[in-house]
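Encoded as structure tokens, the structure appears first; notes follow it.
The values are calculated or read from the model by the stated rules, or taken from the named source; none is laboratory data. Note that the coordinates shown come from a computational prediction; the quantities given were computed from them, not determined experimentally. Because the Cβ atoms are built from the backbone with ideal geometry, glycine has one as well, and the counts that use them run over all protein chains shown.
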Amino acid sequence: IWDTAGQERFQSLGVAFYRGADCCVLVYDVNVTKSFDNLNNWREEFLIQ
């Protein structure tokens, strides 16, 4: 399990983290609207790997 804590500074490392993965679990903080808004970006990043 890789936990990037949703930090954008790790987003550029996504391909290395996700390579060969068959699935991912995306979570967000219900108290932070921006974390929910960023879910699609993280999803797209995973799907292009």
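Selection of segment 19-39 for residues being of a type outside the set (Val, Ile, Thr), more than 23 Å from Gln49 (Cβ to Cβ) and touching a helix residue (DSSP H, G or I) at 6+ places or on another chain (Cβ under 9 Å) yields only Asp29. Just to verify a result, which residue in segment 35-49, among those that are of a type in the set (S, T, N, Q) and over 16 Å from Gly20 (Cα atoms), is modelled with the highest pLDDT? Among those that are of a type in the set (S, T, N, Q) and over 16 Å from Gly20 (Cα atoms), it is Asn40.
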